[in-house]
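**Student:** Submitted below is the structure of interest, expressed as structure tokens.
The values are calculated or read from the model by the stated rules, or taken from the named source; none is laboratory data. Since the structure is predicted, the reported quantities are computational estimates derived from the model, not experimental observations. Heads up, the Cβs are rebuilt from the backbone with ideal geometry, glycines too, and the neighbour counts pull from every protein chain shown. Please note that ligands, DNA and RNA were not included when accessible areas were found on the heavy atoms of the full protein model with its side chains. Shrake-Rupley method; radii C 1.70, N 1.55, O 1.52, S 1.80 Å.
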Amino acid sequence: MQERVIVGIDVGTTKVCVLVGELDRDGKLNIVGVGTCPSQGLRRGVVVNIEETVTSIGAALDRAERLSGKKIVSACVGIAGSHISSENSKGFVAISPNHRDIVQNDISRAMEVAQAIALPANREVIHAIPRGYVVDGQEGIKNPIGMSGFRFEVEAHIITGSVSSVHNLIKCVNKANVEIEDLVVEPLASGEAVLEDGETDLGVALVDIGGGTTDVAVFVDGAIWYTTVLPIGGNLITSDIAIGLRLPVGVAEELKITYGHCDPSTIDDDDMIDLSQFMPDCDDLVPRKLLAEIIQARVEELFTMVHEEIRKSGYDGLLPAGVVVTGGTAELPGILEQAGLILDLPARIGSPLGLHGLADSISRPAYATAVGLLLWGLSHPSFLTEEEAYEEESMTSSLVTKMGRWLRAFIP
Ligand SMILES: Nc1ncnc2c1ncn2[C@@H]1O[C@H](COP(=O)(O)OP(=O)(O)OP(=O)(O)O)[C@@H](O)[C@H]1O
Ligand SMILES: [Mg+2]
């Protein structure tokens, strides 16, 4: 059997990250190429300048190609932005009395019905994911094929986005000479990389705090239940610091990354930061406590907004596996305590782990989406032939099985 190459491209607000993974004969996913480049041309997860975005994607692709020695022609690509929204929908069909047994075609018909939601002309469906099936009133069925029944129902999670935002991103990736195998909303990709089966079964919230967006996804009964993207992220913390301390944005960013903390009560009053290390001609001192106060205010606001989304999902107080925080901003010291306090949930940091090859630099929260796109590419059937999917199933590494199972569980 041939080695399979999978590529993921995360076009983030602060960085573009291209990962090249190779599934070897033993089913181990090796990272053979990593290309990152600071991104330009996006605001809050959405393309606002085509030329700049294409240049950033091109630079990241170039690095990943040089490192891996492979020409990248197609990839799984992440999409974010506050235009993303989701709803749950049901699709009923009658099973033909000729066969009575449920076949793949019944699932496809039911999914079509579930997807027939009223959509304004400027929105389109990005994902339609079956969450589970009901056969003659029997709920909670994960694989209905071969079952007998009269009435068949699918419960589906439908994620939609703005047509123009989706098409601008597609245009940018195509202009960088890459074909899109699958467009994946970022919280789903991040979830693939950092959530465990047990967590999605119990009920868990995933919060990916990037530079320009905060993605929220709620998983229950092993499947996605609620997805949304908030137009706030770590860049706002940086601009608060820049405004509050009257510093250039670049210095504010360095200050945040080197000395930032979310809990001022843990910091001594006389803990001072010497600004000359960032600006040689400045000898000002900044109290580290003040820096933490600025950060805390914004982080508190951010988790309050996340809490509101969890409430909207209907699962506030009903997520025993708690919250998993990922994305670059998850690296801020003290963020878990803030998350736990405001959301009133157990919290942990989600890092993509268990990777092989060039894994060191990407086993961090900021790479959750990019890693998740690779795992999505491996486990998602949309561009696997049935035969390939079968082979995949029999050879895939324990890592991929573990991470992809909660989605794959719905691929009969
Ligand atoms: N060590 C750190 N401490 C605090 N913040 C950090 C740290 N490292 C990165 N960040 C912040 O994380 C953010 C970038 O995160 P990430 O790389 O996940 O974003 P992105 O994917 O490019 O953007 P988005 O997902 O919003 O489109 C920036 O705001 C950056 O300042
Ligand atoms: Mg991101």
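**Student:** Restrict the check to segment 144-154 and report whether at least one residue is under 21 Å from Trp225 (Cβ atoms), out of contact with any Lys or Arg (no Cβ under 8 Å at 6 or more places or on another chain), loosely packed, with under 14 Cβ neighbours inside 10 Å and charged (D, E, K, R).
**Tutor:** Within segment 144-154 (the criterion being under 21 Å from Trp225 (Cβ atoms), out of contact with any Lys or Arg (no Cβ under 8 Å at 6 or more places or on another chain), loosely packed, with under 14 Cβ neighbours inside 10 Å and charged (D, E, K, R)), the answer is no, since none of the residues qualifies.
**Student:** Moving on. Considering Asp283, Asp270, which residue is out of contact with any Ser or Thr (no Cβ under 9 Å at 6 or more places or on another chain), part of a loop (DSSP other than H, G, I, E, B) and open to solvent by 70 Å² or more (accessible area, probe 1.4 Å)?
**Tutor:** Working: Asp283 fails: out of contact with any Ser or Thr (no Cβ under 9 Å at 6 or more places or on another chain).
Only one candidate passes the filter, namely Asp270.
**Student:** Of the residues Val249, Val207, which single one is under 22 Å from Ser39 (Cβ atoms), within 16 Å of ligand 2 (Cβ to nearest atom), at pLDDT 95 or above and touching a helix residue (DSSP H, G or I) at 6+ places or on another chain (Cβ under 7 Å)? Walk me through it before giving the result.
**Tutor:** Numbers: Val249 fails: within 16 Å of ligand 2 (Cβ to nearest atom).
On inspection, the qualifying residue turns out to be Val207.
**Student:** Also, I was wondering about something else. Looking only at segment 218-253, which residues are more than 13 Å from ligand 1 (Cβ to nearest atom) and over 29 Å from Leu275 (Cα atoms)?
**Tutor:** Restricting attention to segment 218-253, the residues satisfying the condition of being more than 13 Å from ligand 1 (Cβ to nearest atom) are 218-228, 243-248.
Once the filter is applied, which keeps residues that are more than 13 Å from ligand 1 (Cβ to nearest atom) and over 29 Å from Leu275 (Cα atoms), segment 218-253 yields Val218, Phe219, Val220, Asp221, Gly222, Ala223, Ile224, Trp225, Tyr226, Thr227, Thr228.
**Student:** Hey, any hits in segment 298-305 for a residue that's hydroxyl-bearing (Ser, Thr, Tyr) and away from ligand 1 (no atom under 16 Å from the Cβ)? If you could, list the steps in order and put the result at the bottom.
**Tutor:** Filtering segment 298-305 for residues hydroxyl-bearing (Ser, Thr, Tyr) gives 304.
Of the ones still in play, those that are also away from ligand 1 (no atom under 16 Å from the Cβ) are 304.
Checked against the condition, which is being hydroxyl-bearing (Ser, Thr, Tyr) and away from ligand 1 (no atom under 16 Å from the Cβ), segment 298-305 yields at least one hit.
**Student:** Now for a separate question. If I filter segment 5-24 down to residues being free of Cβ contacts under 8 Å to residues at least 60 places away in the same chain and farther than 14 Å from Val54 by Cα, which single residue comes out as farthest from ligand 1 (Cβ to nearest atom)?
**Tutor:** Just the residues of segment 5-24 that are free of Cβ contacts under 8 Å to residues at least 60 places away in the same chain, to begin with: 16, 20, 24.
Restricting the remaining residues to those that are farther than 14 Å from Val54 by Cα gives 20, 24.
Numbers: Val20: 18, Asp24: 28 Å.
The residue in question is Asp24.
**Student:** Now for a different question. What single numbered condition from (1) without any contact (Cβ under 8 Å) to a residue 40 or more places away in the chain; (2) part of a helix (DSSP H, G or I); (3) open to solvent by 10 Å² or more (accessible area, probe 1.4 Å) fails to hold for Leu247?
**Tutor:** (2)
**Student:** Which condition number does Glu186 fail, the rest of (1) open to solvent by less than 20 Å² (accessible area, probe 1.4 Å); (2) touching a helix residue (DSSP H, G or I) at 6+ places or on another chain (Cβ under 6 Å); (3) away from ligand 2 (no atom under 16 Å from the Cβ) being met?
**Tutor:** With (1) open to solvent by less than 20 Å² (accessible area, probe 1.4 Å); (2) touching a helix residue (DSSP H, G or I) at 6+ places or on another chain (Cβ under 6 Å); (3) away from ligand 2 (no atom under 16 Å from the Cβ) applied to Glu186, the lone miss is (3).
**Student:** Kindly indicate whether Ile117 is under 24 Å from Phe219 (Cβ atoms), in contact (Cβ under 8 Å) with a residue 24 or more places away in the chain and not in a strand (DSSP E or B).
**Tutor:** On the way: under 24 Å from Phe219 (Cβ atoms): yes; in contact (Cβ under 8 Å) with a residue 24 or more places away in the chain: yes; not in a strand (DSSP E or B): yes.
Judged against the criteria, Ile117 is a match.
**Student:** Next question. Say we look at segment 70-83 and pick out the residues that are touching a residue at least 12 places away in the same chain (Cβ under 8 Å) and open to solvent by 10 Å² or more (accessible area, probe 1.4 Å); which of these is nearest to ligand 2 (Cβ to nearest atom)? Before the answer, list the steps.
**Tutor:** So in segment 70-83, the residues touching a residue at least 12 places away in the same chain (Cβ under 8 Å) come out as 70, 72-83.
Then keep just the ones that are open to solvent by 10 Å² or more (accessible area, probe 1.4 Å); that gives 70, 73-74, 82-83.
On the way: Lys70: 24, Val73: 24, Ser74: 21, Ser82: 13, His83: 15 Å.
Out of the qualifying residues, it is Ser82.
**Student:** Here's another thing I want to ask about it. Which residue pairs have Cβ atoms closer than 9 Å, lie 6 or more positions apart in sequence or on different chains, and pair a first residue in segment 122-141 that is under 15 Å from Leu183 (Cα atoms) and open to solvent by less than 20 Å² (accessible area, probe 1.4 Å) with a second residue that is at pLDDT 95 or above and not in a strand (DSSP E or B)?
**Tutor:** The qualifying pairs are His127/Leu188; Ile129/Leu188.
**Student:** Please pick out the residue among Ala321, Ala292 that is among the small types (Gly, Ala, Ser), crowded, with 18+ Cβ neighbours inside 10 Å and assigned to a helix (DSSP H, G or I).
**Tutor:** Working: Ala321 fails: assigned to a helix (DSSP H, G or I).
Going through Ala321, Ala292 in turn, the sole match is Ala292.
**Student:** If you take the residues in segment 324-341 that are over 18 Å from Tyr259 (Cα atoms) and away from ligand 2 (no atom under 16 Å from the Cβ), which one is least open to solvent (accessible area, probe 1.4 Å)?
**Tutor:** Taking segment 324-341 and keeping what is over 18 Å from Tyr259 (Cα atoms), we get 324-327, 339-341.
In the following step, the residues that additionally are away from ligand 2 (no atom under 16 Å from the Cβ) were identified as 339-341.
Details: Ala339: 0, Gly340: 21, Leu341: 136 Å².
Taking the candidates together, the pick is Ala339.
**Student:** Can you tell me which residue among Thr238, Thr227 is closer than 17 Å to Leu332 by Cβ and crowded, with 19+ Cβ neighbours inside 10 Å? So that I can check it myself, show each step before the final result.
**Tutor:** Details: Thr227 fails: closer than 17 Å to Leu332 by Cβ.
Just a single option satisfies the conditions, and that option is Thr238.
**Student:** List the number of the failed condition for Gly377; all other conditions in (1) surrounded by fewer than 24 Cβ atoms within 10 Å (Cβ to Cβ); (2) away from ligand 1 (no atom under 16 Å from the Cβ); (3) modelled with pLDDT under 95 hold.
**Tutor:** Unmet condition: (1).
**Student:** May I ask you to list the residues in segment 295-318 that are assigned to a helix (DSSP H, G or I), among the charged types (D, E, K, R) and open to solvent by 20 Å² or more (accessible area, probe 1.4 Å)? Reasoning before the result, please.
**Tutor:** Restricting attention to segment 295-318, the residues satisfying the condition of being assigned to a helix (DSSP H, G or I) are 295-313.
From what's left, among the charged types (D, E, K, R): 298, 300-301, 308-309, 311-312.
Selection gives Arg298, Glu300, Glu301, Glu308, Arg311, Lys312.
**Student:** Any residue at all in segment 12-33 that is open to solvent by 50 Å² or more (accessible area, probe 1.4 Å), hydroxyl-bearing (Ser, Thr, Tyr) and within 15 Å of ligand 2 (Cβ to nearest atom)?
**Tutor:** Restricting attention to segment 12-33, the residues satisfying the condition of being open to solvent by 50 Å² or more (accessible area, probe 1.4 Å) are 14, 25-26, 28.
From the residues that got through so far, the ones that are hydroxyl-bearing (Ser, Thr, Tyr) too are 14.
With the extra rule that they be within 15 Å of ligand 2 (Cβ to nearest atom), the set shrinks to 14.
There is at least one residue in segment 12-33 that is open to solvent by 50 Å² or more (accessible area, probe 1.4 Å), hydroxyl-bearing (Ser, Thr, Tyr) and within 15 Å of ligand 2 (Cβ to nearest atom).
**Student:** Tally time: how many residues in segment 94-106 are open to solvent by less than 70 Å² (accessible area, probe 1.4 Å) and either at pLDDT 95 or above or of a type in the set (S, T, N, Q) (or both)?
**Tutor:** 1
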